[in-house]
């Protein structure tokens, strides 16, 4: 096959995964939230309501694309794409197994964070272009919180990168192969628990997930930056949100929970079902996000900013220092002791 | 300890998840209403299917919303004929004062709660149409007989 065709097919595969994820995750969100709240979630379309999102997507596709008067037409048109495309690009560096990945990027982690940081620009564009105060507020909040929390998010993964010595997500997983003390899986979540907690909090903020969904804030801002959007433009905004939660969960699994590896099973034996293991782990991560979403009320915007700048950033800087010191002492160990 | 509240919250929602939904799938499943639930006013009928209403107008006077209306035709022999017993359910507040006012136990607050209609005209009920009203004399005569069978003969109209 020609290289160009391979690339196109890979992009299509990523797109397919993203769309399928969107459909599954929306159904899963509604079911999980429902059951967390002693409700049922969708039950009508198909057995247990499994085709509900399919019908919703069909509905979105067939709906009228409303252009409210007063919108900035160019930005209003572009914003969903600026949100959607980086979300799709973020799949490129994910390592589903040793061989299953779209590209084998040496700077995979950096690349993923870089493309995800374009999303707030699109959200700000959407908020601004809508010519609606609520949308603008939502867009501004999204930009403020996502830009603020990119710093602790990046800092929180730095200790892992320091230990592995590589930004390639596949290498990060392979570095977690094996056992500590013969029975503990060599996952980074054990030595790097503080880093994982920081990553989880910053990741939730980065995703605009409840309890940090300031940009949507349904009770105050209607639907935030997405208020004026309809039909498939809204669909793209919505899809990208779910896709981002998949990407962040995948990063969490890769960095802290051994990617496609299963404890007490050798990495060769797991190879044939590695992508399945990876997907299961990612979905468990997403379930935990939904669990948090179904439990906590939204924090205030000033509390959120204080948490970010006054606690998370100093804490992640401190933890980087601790990790660096321990690593250095480990290297010097023989000299110091001996 | 700081942060334990977060864990407690998560534990509560997880417990809820394990409990399963408490939803009643309403159009398919219905809960039984409490006995004293008050919904649309309905006429009562005696064993032979005749309305117990004597057209005494007590309910019409008692209604605070003025939504009950009895259109009665009185014959030569003073017997009453109910042309219409109108009831505007859309304006009814289900207070039950008409039922309390009824001296003959001829109307009740029914358990019919699915009152939504697509046509506003359908909110004007006609509870009774073109029927003979029960005779208050007969009702008074039968009541003690039914309730106090050992009572002495005669009666108010004897």
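Scanning segment B:66-88 for residues that are in contact with a strand residue (DSSP E or B) (Cβ under 6 Å, 6 or more places away or on another chain) and surrounded by fewer than 18 Cβ atoms within 10 Å (Cβ to Cβ) yields B:69, B:71, B:72, B:73, B:74, B:81, B:83, B:84, B:86, B:88. Mind checking which residues of segment B:26-45 are away from chain A (no Cβ under 14 Å) and either exposed (fewer than 11 other Cβ atoms within 10 Å of the Cβ) or closer than 13 Å to residue B:128 by Cβ (or both)? Residues satisfying the conditions are B:31, B:32, B:34, B:35, B:36, B:41, B:42, B:43, B:44, B:45. Any residue in segment B:48-55 that is exposed (fewer than 13 other Cβ atoms within 10 Å of the Cβ), part of a loop (DSSP other than H, G, I, E, B), away from chain A (no Cβ under 11 Å) and in contact (Cβ under 8 Å) with a residue 60 or more places away in the chain? Checked against the condition, which is being exposed (fewer than 13 other Cβ atoms within 10 Å of the Cβ), part of a loop (DSSP other than H, G, I, E, B), away from chain A (no Cβ under 11 Å) and in contact (Cβ under 8 Å) with a residue 60 or more places away in the chain, segment B:48-55 yields at least one hit. Going by what's in this entry, would residue A:174 be described as out of contact with any strand residue (DSSP E or B) (no Cβ under 6 Å at 6 or more places or on another chain), at pLDDT below 85 and within 29 Å of residue A:263 (Cα to Cα)? Judged against the criteria, residue A:174 is a match. The criterion of being modelled with pLDDT of 90 or more, assigned to a strand (DSSP E or B), within 25 Å of residue B:120 (Cβ to Cβ) and over 15 Å from the mean Cα position of the chain (by Cα) does not hold for residue B:65. Among the candidates A:90, A:79, A:106, the residue that is more than 14 Å from chain B (Cβ to nearest Cβ), farther than 24 Å from residue A:217 by Cβ, surrounded by 19 or more Cβ atoms within 10 Å (Cβ to Cβ) and in contact (Cβ under 8 Å) with a residue 12 or more places away in the chain is uniquely A:90.
Out of all the residues in segment A:58-77, is one or more at pLDDT 85 or above and within 22 Å of the chain's Cα centre (by Cα)? The answer is no; no qualifying residue exists. Restrict the check to segment B:94-102 and report whether at least one residue is in a strand (DSSP E or B) and over 11 Å from the mean Cα position of the chain (by Cα). No, that holds for no residue.
You will find that of A:231, A:217, A:200, A:143, the residue that is free of Cβ contacts under 8 Å to residues at least 40 places away in the same chain, touching a helix residue (DSSP H, G or I) at 6+ places or on another chain (Cβ under 8 Å) and surrounded by fewer than 24 Cβ atoms within 10 Å (Cβ to Cβ) is A:143 and no other. Could you please find all residues in segment A:29-57 being in contact (Cβ under 8 Å) with a residue 24 or more places away in the chain, within 13 Å of another protein chain (Cβ to nearest Cβ), surrounded by fewer than 20 Cβ atoms within 10 Å (Cβ to Cβ) and assigned to a helix (DSSP H, G or I)? Answer for segment A:29-57, where residues must be in contact (Cβ under 8 Å) with a residue 24 or more places away in the chain, within 13 Å of another protein chain (Cβ to nearest Cβ), surrounded by fewer than 20 Cβ atoms within 10 Å (Cβ to Cβ) and assigned to a helix (DSSP H, G or I): just A:33.
If you filter segment B:15-25 down to residues that are over 17 Å from residue A:42 (Cβ atoms) and more than 7 Å from chain A (Cβ to nearest Cβ), you find that the one that is surrounded by the fewest Cβ atoms within 10 Å (Cβ to Cβ) is B:18.
Does segment B:58-65 contain at least one residue that is more than 10 Å from every other protein chain (Cβ to nearest Cβ), crowded, with 17+ Cβ neighbours inside 10 Å and at positive phi? Within segment B:58-65, not a single residue is more than 10 Å from every other protein chain (Cβ to nearest Cβ), crowded, with 17+ Cβ neighbours inside 10 Å and at positive phi.
The values are calculated or read from the model by the stated rules, or taken from the named source; none is laboratory data. Just so it is clear, the model here is predicted, and its values are computed rather than measured. For neighbour counting, all protein chains shown are included, and Cβ atoms are generated from backbone atoms with ideal geometry for every residue, glycine included.
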